[in-house]
Every structure is written in structure tokens, then in C-alpha cells.
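Chemist: Mind having a look at this structure? Questions to follow.
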């Protein structure tokens, strides 16, 4: 293998092995309890498996199983829908989880390759390139100090490294494959754009960059907004430097590639915008899907270790008239202010900003004294501590063998009975945690179960809890209005015993305290 390619392959192999170990341990821990396939963000993880299961059942457009609200379908989560079509019963849940993580592992290799190519535009050294890729994929900030007695710096908030996949890269590598692939496709388009600024590229490369952005949008639609915004900012910045400071720049060469990116990205952005403005369910989903930014101090603590070198690298970009370096300089300058724009998904606007900081920090590192470089290497090692903490946390999560990482054996046995007994369009009322796990095992709909995707969750969840505690006083008209066809009681539901005496509930199955009833609306 070409020596210049060896670093990113070894990096990808190491990350693939390390991030897969907690999941292998999870499967090894299975006994009566069943492993969900996730060591963090289990609620969202179950929803990804549920989307794959909907694909296995024939869906080509996204329709969440976590609501009773009618849906027309939306072009989203397509990779999960397609992967689901490769599975079948029996043992389908395990197949879905394994495919999910294979998708993640292949994505790690794709992202490592793309980052190595992107860094090759700035750094001749192979070592610098793979170190940069490692920092983008597994680096963090000062968040590792919180578990060691410095939580006061965050005022009891969780550091960004441990919950925001947009702020850094390791959470995505550990368990969010669509974000790994989104970054690979997004950065490939940017690589071709910046490469075309340095040398002529072929038409097929420009077209490939456009297709890459289309695929990035299918993975995560917001990435195209960010990509188009940063490219537009770069074009404006380069034009300003060309006019005011006489920097050499070929506007036509830039436009030839940028237009291909926009040609493939814009239709999907427009489609997504129109759907969220006109589709009743998507409007409700958008209102509930709030991802706001933490205080500015959290971002400072997150990026503090690289800020000095990034500033020095930005200075070098300006002094050396590094035209393509301006791209990352502008991106690094705007991504944190963008996180406070009046937008429901504020925190997602930081996507890619960490990579821009790493590029600038490495440019700064190479232009400092040997003494500063030694200190920077020591600090650089600490940037990987949050990833180690996350890996250790994953090991502890599966070692405990308890919900939500594992589901009780009787519960999953009931899920399999539901799959045998009920049609796909059944709407099941159950407590929140069970409702979240159920669609990952069987393709029915639940009334609640997922924060953003369960329409009107704030109003419905208390009513569900009240009903399960005292079904004798349940409002049958309300159940009918919610299109509930079945009720699932768990051993923790206080009203489980009373339900057996209600004439409008017909028992269909029972497994160790989990009881499924059909709702009879007719006398």
C-alpha cells in the first residue's frame, strides 16, 4: 500500500475495532435480557432500528411508528429504510443491529479516507494528515475535566463532548452512522471544490462532488444548508480579498465547481423546506424537535485547547495569502455565532466547525517553535481523553445489563407475540419506555415513545400514564379519537389487574406480567 495512504487505513481500523468492542460485549452479556444494540442515546437508537424495520416491511419513505397521526411519507432516513430491506424473520432484530453497525464501520473508513484527502491539500506530511483525521474523528476539548472534579466549570451541565455529535466527531463514530457518512459526503464535495482552486479538475470530479452532496443531504438534510452557507461565505470572502488586497483568484474556476454542488443540493433543500411547511405531521415534528445551544462558555471550554494554535494558523493564512486556507478560517470564525441564530436546531449549525478548527490549529502548529510544538503535542494527547471516557462508559453501560441498554426478556417475548398477532397498522398504547422499544422489534405504531417524533407528546404522555394507572376510569372516546386499537400493560402499570375486568378490553396474550388487550369499541 502507498505509504501516504497507510495512516488513514490504520486509523480507521483502530477506530472500527475500539468502537465496536462495547457492542460485542453487549451481545456477550445477553441472557434473558436482550441487548438493544446501543450504549448511548438508546431512545434514538431504537428509533433508527424501527426505521430499518419499517423499510423491511415495505416502506420507501419515512413514516415514524411513534405516533398515531396520519403521515404521507417523507424522503428522509433513506439509508436505514434500504438497509432494513436486507433483513427478514426470524432473528430480524439482531440482523438490523448488525447491519446498523456494519454501516457505521464502513462509514468510518469512508470518512478517514476523505479527511486524508482533504488534509492533503494543506499538509504534505502523511503523519500530519492522519493525525488531523484522528483529531476530527476522535478529538475533544476540556470536557474530560468534568469527571475529575471540575464539573463546576460547566455549572452542572454536561460538556459538549458527551452529548453533541455536531460539536465533535467521536459520538458519531461510536454510534451515529448517518452522521459519519454525512460528513464523508459533505467533506468530499468540499475537497473537490478546494482542489479545483489549486488545480484543474475534470468534469466527472465536479459531478461526483455534486452527487456526494446529494447523498450528504439524504443522510442529514441540515448539512446541505451548512455546506451551501459556508461555500457562499467563502466565495464572498475570496472575492473581497481579490478586490481589496489583490489576492489571485479565478472566479470562474470556483463557480464551475460550486454550481455543481448547488445543482445537486438545492432541490433537496427546497423539497425539505416545502415539506416541513406544508405537511401537518412534519410541522408538529419540527415544533417538538428543539436542539438549542448551551451557554457560550461551554463552547469556549470545548475548543479552548486548540484556540491559540487556530488563531496562529489563521494569522498564517492571511500573512501567506493562503487562498484555500481562507475557507477554514471563515468557517471557524462563524460556526459558533451561527449556533445562536433564531433557529430550532441551533446546535446542529456547528456541524463541521471542529474540522475547520483542526485545520487551522495544525497550520499554526507547523509555524511555531519547537518548544511550543512539544507543549502542543502534550495537549494534543489530552484531546483524546473524552473518547476514552465515552468508550469506558459504553463498557460500563453494557456491563450493568439493565434498561434502557437491555430490554427485559418477557418484554421482547411479548413483542414477538405482537408481531404474530397484530396487523402492521395497529396503534398500541403502552408506557413510554416500552413504546420506545416496541417498534424496534415489531412494525406496529405506538401512541408515544420518542421525544420529537411522537406528535403532541406533551399532551398525550400524562393521559397515557393516567390510563395505565386506572383503566377503569379510562375515556373510551379519547382512545377512539387517538385511533388506539390495542393496549399493552407492563408489570409496572398499576392498572394491570383492573384491566382484566373491563368488558371493552379483550385479552390477547400474556407473558410474565406483560398483557396485551384489544380495545372493543362496539358493544
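The values are calculated or read from the model by the stated rules, or taken from the named source; none is laboratory data. A quick note: this is a predicted structure, and the numbers were derived from the prediction, not measured. We place every Cβ from the backbone using ideal geometry, glycine too, and count neighbours over all the protein chains shown.
Chemist: Please work out if residue 144 is modelled with pLDDT under 95, closer than 30 Å to residue 298 by Cβ and assigned by TED's automatic domain parsing to the domain that holds residue 155. Spell out the reasoning first.
Modeler: On the way: modelled with pLDDT under 95: no; closer than 30 Å to residue 298 by Cβ: yes; assigned by TED's automatic domain parsing to the domain that holds residue 155: yes.
No, not satisfied.
Chemist: Here's something else I'd like to know. Given 286, 265, 316, which one is surrounded by 14 or more Cβ atoms within 10 Å (Cβ to Cβ) and over 24 Å from residue 339 (Cβ atoms)? Lay out the reasoning, then the answer.
Modeler: On the way: 286 fails: over 24 Å from residue 339 (Cβ atoms); 265 fails: over 24 Å from residue 339 (Cβ atoms).
Answer to the selection: 316.
Chemist: What's the total number of residues in region 261-307 that are under 13 Å from residue 224 (Cα atoms) and in contact with a helix residue (DSSP H, G or I) (Cβ under 6 Å, 6 or more places away or on another chain)?
Modeler: 6
Chemist: So which helices (runs of 4 or more DSSP H) are wholly in region 1-117 and hold at least 3 residues that are under 21 Å from residue 453 (Cβ atoms) and touching a residue at least 12 places away in the same chain (Cβ under 8 Å)? Walk me through it before giving the result.
Modeler: Working: elements: 3-28, 42-56, 78-84.
Of the helices (runs of 4 or more DSSP H) lying wholly inside region 1-117, those with at least 3 residues that are under 21 Å from residue 453 (Cβ atoms) and touching a residue at least 12 places away in the same chain (Cβ under 8 Å) span 42-56, 78-84.
Chemist: Going through region 368-418 one residue at a time, which ones are in contact with a strand residue (DSSP E or B) (Cβ under 9 Å, 6 or more places away or on another chain), under 27 Å from residue 167 (Cβ atoms) and not in a helix (DSSP H, G or I)?
Modeler: Of everything in region 368-418, just one residue is in contact with a strand residue (DSSP E or B) (Cβ under 9 Å, 6 or more places away or on another chain), under 27 Å from residue 167 (Cβ atoms) and not in a helix (DSSP H, G or I), namely 405.
Chemist: Please find, within region 197-215, the residue that is surrounded by the fewest Cβ atoms within 10 Å (Cβ to Cβ) out of those that are at pLDDT below 95 and in contact with a helix residue (DSSP H, G or I) (Cβ under 7 Å, 6 or more places away or on another chain).
Modeler: Looking at the filtered set, the residue picked out is 201.
Chemist: With respect to the numbered conditions (1) modelled with pLDDT under 95; (2) surrounded by fewer than 20 Cβ atoms within 10 Å (Cβ to Cβ), which one is the sole condition not fulfilled by residue 123?
Modeler: So residue 123 meets the others, but not (1).
Chemist: Same structure again: For region 118-144, enumerate the residues that are closer than 21 Å to residue 304 by Cα and not in a helix (DSSP H, G or I).
Modeler: To start, the set of residues in region 118-144 that are closer than 21 Å to residue 304 by Cα comprises 128, 131-144.
Residues satisfying the conditions are 139, 140, 141.
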